[in-house]
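Undergrad: Below are the structure tokens for one structure; questions will follow.
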Amino acid sequence: MSKSDAFSDFDPVLAAQPLTDPWTHSAGQQPVYAPDYDLLGKLLTIPVAAGSASESGRFARGIDAWLAHELRRAGFSSDEVWPRAERPRVLPRDLAVLLEKLPDRVSQDLRARISNIPSVAPTDAKVLGRAYDKQVDVAVARWDRGPEILLSTKAQVSSFAKNLPNRFEEAYGDAGNLRGRYPLAAVGFFFLQRSTILTREPDAFERTVDMMRKLRDLGGSNGYTATGMALVSWDETQPSPTVRVELDRVPEDVAPPQFLAAMIRQVLVVTPVVHHVDVRERMERRNIPVPETDDVDTSDVGVRES
């Protein structure tokens with residue numbers, strides 16, 4: 001699988017970053033999520049250093065790669081979180097299990113073939129909404145559970161006030177489209193802006209914070225389960241600019257910790273305790289004496305080399 005894709009530049013960074021425990025609270029305390037901001041900075045530094053900081057392309061993919069990594073840190077299976085940390089980025093879990101059980105030679109050959117069949121292993125995850133198909137940027141899904149987390153991400157590095165109305169008009173429509181078909185899923189919207197908005201267009205920043213709050217579901221099942229935002233900065237006059245996450249100016253109620261905690265909590269609330277046991281144990285800080293439900297039986301899988 002030598003062919004690269006839009007996420008390939010991030011793979012070495014993700015491979016070197018361990019899946020550390022994201023929760024910082026003790027047993028019995030209110031769950032507190034600690035995102036790996038250092039990783040987000042490293043991922044976004046790659047497109048910025050290459051001169052590709054824009055509102056699409058590799059910069060946006062860096063945000064997606066980071067959020068997918070955060071969900072894996074929370075305990076969701078690496079094959080259920082899309083985009084995966086390696087190619088193919090979207091792969092049905094059952095097929096991933098099969099590839100792991102096959103002999104190496106057969107598995108490598110089949111993996112290479114699968115990666116070249118977009119209908120089997122696409123780069124992007126598309127789901128059917130109530131009114132139209134929607135490409136979701138980050139997802140947690142498997143066939144027996146259906147979509148459980150559906151995340152849309154947006155980035156804005158310039159022309160803040162000019163483009164803000166379009167961003168939120170799209171977001172409102174996507175929320176209704178996805179929640180209309182998947183009312184139990186955790187449907188989220190994450191917005192990342194360059195911190196120059198604070199000095200160049202402070203009014204646009206205030207409008208952004210206000211809109212992030214108003215995009216949330218207020219009981220009518222029309223808004224998002226959770227919304228979150230982050231600010232990042234870099235000095236483009238430097239020969240090798242480094243991206244930093246600015247934590248001080250984003251209000252706590254729209255910051256990444258509450259966003260990730262709310263998304264994870266929604267998944268656990270609407271599923272039986274025998275599902276996502278590892279995720280529950282990490283968040284609840286206790287051992288849960290039930291086995292993880294797994295409908296895929298691989299005990300009899302075996303293929304002999306010819």
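Bear in mind these aren't lab numbers, they're just calculated from the coordinates by the rules spelled out. None of the values given here were measured: they were computed from a predicted structure. No Cβ is skipped: glycine too gets one built from the backbone with ideal geometry, and neighbour counts run over all protein chains shown.
Undergrad: Where in region 67-99 does the label zone of Ile117 land, with the point 7 angstrom along Cα→C-beta and an amide N cut-off under 20 Å?
TA: The answer is 79-80, 84, 86-99.
Undergrad: Right, here's the next one. By average Cβ neighbour count within 10 Å, what is the ranking of 246-254, 177-185 from highest down?
TA: Numbers: 246-254: 13.3, 177-185: 18.7.
Sorting 246-254, 177-185 by mean packing, highest first, produces 177-185, 246-254.
Undergrad: Using a Cα-Cα cut-off of under 13 Å, which aspartates and glutamates could be cross-linked to Lys126, ignoring same-chain neighbours fewer than 8 residues away?
TA: Once the sequence-local aspartates and glutamates are set aside, what remains near Lys126 is Asp137, Asp174.
Undergrad: Just the number, please: percent antiparallel of the DSSP beta bridges in the chain, rounded to the nearest 5. Before the final figure, lay out the partial values.
TA: Working: 15 of 31 bridges.
Here the antiparallel bridges make up roughly 50 percent for the chain.
Undergrad: Count the net charge of all other residues whose Cβ sits under 13 Å from the Cβ of Ser4, scoring Lys and Arg as +1 and Asp and Glu as -1.
TA: On the way: positive: Lys3, Arg58, Arg61, Arg87, Arg89; negative: Asp5, Asp9, Asp11, Glu86.
With Lys, Arg at +1 and Asp, Glu at -1, the neighbours total +1.
Undergrad: Check each of the GluC sites (Glu not before Pro) in region 126-209 and keep only those in coil by DSSP with at most 15 other C-beta atoms within 10 angstrom; list them in order.
TA: In loop regions of region 126-209 (DSSP not H, G, I, E or B), there are no sparsely surrounded GluC sites (Glu not before Pro).
Undergrad: Another one. Taking Cα atoms of the chain, Rg/Rh with Kirkwood Rh, to two decimals? Could the numbers behind the result be given before it?
TA: On the way: Rg = 19.7 Å, Rh = 20.4 Å.
Checking Rg against Rh, the ratio lands at 0.97.
Undergrad: Using r as the Cβ-Cβ distance of Val274 and Ser233, and R0 as 45 Å, what FRET efficiency do you calculate, to the nearest 0.05? Kindly include the intermediate steps, with their values, before the conclusion.
TA: On the way: r = 44 Å, r/R0 = 0.98.
Result of the calculation: an efficiency of 0.55.
Undergrad: Let me ask something else. With Cβ to Cβ distances under 13 Å as the rule, what net charge do the other residues near Arg265 carry (K, R +1; D, E -1)?
TA: Around Arg265, the charge tally is 0.
Undergrad: While we're looking at this one, here's another question. Please give the FRET efficiency for Leu95 paired with Asp203, using the beta carbon to beta carbon distance and R0 = 35 Å, rounded to the nearest 0.05. Mind dumping the intermediate values first?
TA: Values: r = 49 Å, r/R0 = 1.41.
Rounded to the nearest 0.05, the efficiency is 0.10.
Undergrad: Shifting gears a bit: State the extension gain, in nm to one decimal, for the chain segment bounded by Asn163 and Asp217, taking 0.36 nm per residue of separation less the distance between their alpha-carbons. Intermediate values should be presented prior to the final figure.
TA: Working: separation 54, 0.36 × 54 = 19.44 nm, distance 2.32 nm.
Roughly 17.1 nm would be gained on extension.
Undergrad: State the extension gain, in nm to one decimal, for the chain segment bounded by Arg249 and Leu110, taking 0.36 nm per residue of separation less the distance between their alpha-carbons. Please list the in-between numbers first.
TA: Details: separation 139, 0.36 × 139 = 50.04 nm, distance 4.85 nm.
Full-extension gain reported as 45.2 nm.
Undergrad: Now for a different question. Starting from the Cα of Ser8, step 7 Å along the direction of its Cβ; do the same at Val290; then give the gap between the two resulting points in nm.
TA: It works out to 4.3 nm between the two label points.
Undergrad: Strictly over 31 Å apart at the Cα level, which of Lys3/Lys162; Lys42/Lys101; Lys101/Lys134; Lys134/Lys162; Lys101/Lys154 would you flag in this model?
TA: Checking Cα-Cα distances, Lys3/Lys162; Lys42/Lys101; Lys101/Lys134; Lys101/Lys154 exceed 31 Å.
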